[in-house]
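The values are calculated or read from the model by the stated rules, or taken from the named source; none is laboratory data. Everything quoted here is computed from the prediction, not taken from an experiment. Here the Cβ positions follow ideal geometry from the backbone for every residue, glycine too, while neighbour counts run over all protein chains shown. When the accessible area is computed, the model is the full protein with side chains, heavy atoms only, and any ligands, DNA or RNA have been set aside. Shrake-Rupley method; radii C 1.70, N 1.55, O 1.52, S 1.80 Å.
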Amino acid sequence: MSGFTIGIIGGTGSMGRWFERFFSEAGHTVRIAGRRTSLSPEHLAKKSEVVILSVPMGAALSLSKKIGPLMSRDQLLMDFCSLKETILKAMLCHSSAQVVGTHPLFGPFTRSLHGQNVIVCPGRGKNWLEWLERELRERGGIVTRMDPAAHDRNMAVIQGLTHLLTICMGRTLQKMNMTLDETIPCSTPVFRIHADLIGRLFAQDLNLYADLIAENGYVGEAVETFFSALEEGRKFLLSDQKEKAAIFLDDIRRFLGNFCQTGLKESNIIIDAVFSE
Ligand SMILES: NC(=O)c1ccc[n+]([C@@H]2O[C@H](COP(=O)([O-])OP(=O)(O)OC[C@H]3O[C@@H](n4cnc5c(N)ncnc54)[C@H](OP(=O)(O)O)[C@@H]3O)[C@@H](O)[C@H]2O)c1
């Protein structure tokens with residue numbers, strides 16, 4: 001199957017533009033709608049075989065209510081929201097179309113889909129689900145099917161906690177009155193990568209990051225676990241009990257297993273790339 005009509009609501013935004021190019025290059029006809037485009041979301045819902053909601057969560061929920069009833073069983077309604085439980089329920093509730101929750105785990109700066117992860121949460125129907133998986137895999141994407149609640153729980157750590165720690169590291173530097181510029185002459189390669197990641201977050205849409213943390217109901221639990229880990233770290237590493245510190249570290253290393261070697265290898269590649277720029 002190829003050459004479908006795909007309507008991207010939010011096609012004027014950064015992910016929408018990325019996927020407009022992606023699906024056009026794959027031979028499909030792509031039409032887009034934003035808030036000020038000549039084509040409306042309603043028009044796309046009626047005239048497209050595949051309709052993608054590439055808008056912030058709040059807008060995706062109200063749009064699925066608005067356009068869902070306009071769609072039929074042989075169309076596909078999908079979204080790119082970073083959380084999947086609520087939006088999947090809304091799309092299923094307001095439409096009889098086939099439904100797939102989709103989360104591209106990369107941003108609009110990514111050059112190609114090659115090697116990038118995409119989570120799909122099956123909602124309703126098989127044909128379009130399999131079509132989407134094929135489209136993504138054929139262009140090098142790594143597609144994983146996942147239950148929406150399991151997805152959101154994973155994202156509480158992968159996005160929520162991770163971004164919260166980056167933000168709080170920025171806050172710590174601010175409290176200590178250390179600007180990133182000042183740290184550069186005395187940076188180690190590892191700190192330089194951390195500094196880049198802090199800068200990267202604050203260079204982008206801060207509302208998006210705030211939403212990734214605030215809207216995921218599982219983040220609170222992840223933060224509590226992190227606090228208890230930090231407390232243990234303080235207890236074992238900020239004292240003179242060298243033996244206990246070694247046991248603490250070794251216990252974590254055993255848990256992390258073989259990925260430690262992978263991490264060492266991959267981070268050496270990142271460091272070499274940054275310093276060869
Ligand atoms: N950026 C990322 O790294 C990333 C990665 C994975 C998933 N996502 C998800 O992808 C979705 C889009 O993110 P983005 O980064 O592309 O956001 P964005 O650049 O801010 O674009 C948002 C798009 O939504 C449109 N929009 C907003 N409210 C609307 C409404 N009420 N009706 C119709 N269109 C509306 C905007 O249209 P206007 O042109 O009229 O403003 C724009 O086209 C979000 O759900 C986000 O969580 C983002």
> When you scan segment 205-224, how many residues do you find that are loosely packed, with under 12 Cβ neighbours inside 10 Å and either closer than 13 Å to Gly170 by Cβ or β-branched (Val, Ile, Thr) (or both)?
Replying inline: 1
> Consider Glu138 against the criteria (1) open to solvent by 50 Å² or more (accessible area, probe 1.4 Å); (2) touching a Lys or Arg at 6+ places or on another chain (Cβ under 7 Å): it satisfies all of them except one. Which criterion is unmet?
Replying inline: (2)
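When the residues of segment 230-277 are narrowed to those that are in a helix (DSSP H, G or I) and acidic (Asp, Glu), which ends up nearest to Thr188 (Cα to Cα)? Write out each step before concluding.
Our first condition is that a residue be in a helix (DSSP H, G or I); within segment 230-277, this holds for 230-237, 242-256, 259-276.
Next cut, acidic (Asp, Glu) only: 231-232, 243, 250-251, 266, 272.
On the way: Glu231: 26, Glu232: 26, Glu243: 27, Asp250: 24, Asp251: 26, Glu266: 17, Asp272: 13 Å.
It comes out as Asp272.
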>> Looking only at segment 106-124, filter to residues that are touching a strand residue (DSSP E or B) at 6+ places or on another chain (Cβ under 9 Å) and free of Cβ contacts under 8 Å to residues at least 24 places away in the same chain; which one of those is nearest to the ligand (Cβ to nearest atom)?
In response: Phe106
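Could you tell me which of the residues Lys175, Lys265, Lys242, Lys235 is within 27 Å of the chain's Cα centre (by Cα), basic (Lys, Arg) and open to solvent by 90 Å² or more (accessible area, probe 1.4 Å)?
Numbers: Lys175 fails: within 27 Å of the chain's Cα centre (by Cα); Lys242 fails: within 27 Å of the chain's Cα centre (by Cα); Lys235 fails: within 27 Å of the chain's Cα centre (by Cα).
Selected residue: Lys265, the only one of Lys175, Lys265, Lys242, Lys235 that is within 27 Å of the chain's Cα centre (by Cα), basic (Lys, Arg) and open to solvent by 90 Å² or more (accessible area, probe 1.4 Å).
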> Of the residues Ile32, Ile52, which single one is within 18 Å of the chain's Cα centre (by Cα) and among the β-branched types (Val, Ile, Thr)?
Replying inline: Ile52
> Could we say that Val55 is under 21 Å from Cys121 (Cα atoms) and at pLDDT 95 or above here?
Replying inline: yes
> Restricting attention to segment 79-105, and to residues there that are in contact with a strand residue (DSSP E or B) (Cβ under 7 Å, 6 or more places away or on another chain) and part of a helix (DSSP H, G or I), which single residue is most open to solvent (accessible area, probe 1.4 Å)?
Replying inline: Leu92
> In segment 141-162, which residues are open to solvent by 20 Å² or more (accessible area, probe 1.4 Å) and closer than 24 Å to Ala26 by Cβ?
Replying inline: Ile142, Thr144, Arg145, Met146
> Limited to segment 64-85, what total is found for residues that are in contact with a Leu (Cβ under 8 Å, 6 or more places away or on another chain) and either closer than 19 Å to Lys47 by Cβ or modelled with pLDDT under 95 (or both)?
Replying inline: 8
> Across segment 245-256, which residue is nearest to Leu165 (Cα to Cα) among those that are in contact with a Phe, Trp or Tyr (Cβ under 9 Å, 6 or more places away or on another chain) and open to solvent by 70 Å² or more (accessible area, probe 1.4 Å)?
Replying inline: Leu249
>> Regarding segment 8-16, can at least one residue be identified that is more than 10 Å from the ligand (Cβ to nearest atom) and either more than 16 Å from Ser82 (Cα to Cα) or touching a Ser or Thr at 6+ places or on another chain (Cβ under 9 Å) (or both)?
In response: no
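In this structure, is Ile184 modelled with pLDDT of 95 or more, open to solvent by 30 Å² or more (accessible area, probe 1.4 Å) and part of a helix (DSSP H, G or I)? I'd like the intermediate steps shown before the answer.
Values: modelled with pLDDT of 95 or more: no; open to solvent by 30 Å² or more (accessible area, probe 1.4 Å): yes; part of a helix (DSSP H, G or I): yes.
So Ile184 fails the test.
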> In segment 191-204, how many are in a helix (DSSP H, G or I) and exposed (fewer than 11 other Cβ atoms within 10 Å of the Cβ)?
Replying inline: 0
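If we scan segment 215-233, do we find a residue that is closer than 17 Å to Cys81 by Cβ and without any contact (Cβ under 8 Å) to a residue 60 or more places away in the chain?
Scanning segment 215-233 turns up no residue that is closer than 17 Å to Cys81 by Cβ and without any contact (Cβ under 8 Å) to a residue 60 or more places away in the chain.
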> Only one of these conditions is not met by Asn207: (1) under 28 Å from Met155 (Cβ atoms); (2) modelled with pLDDT of 95 or more. Which number is it?
Replying inline: (2)
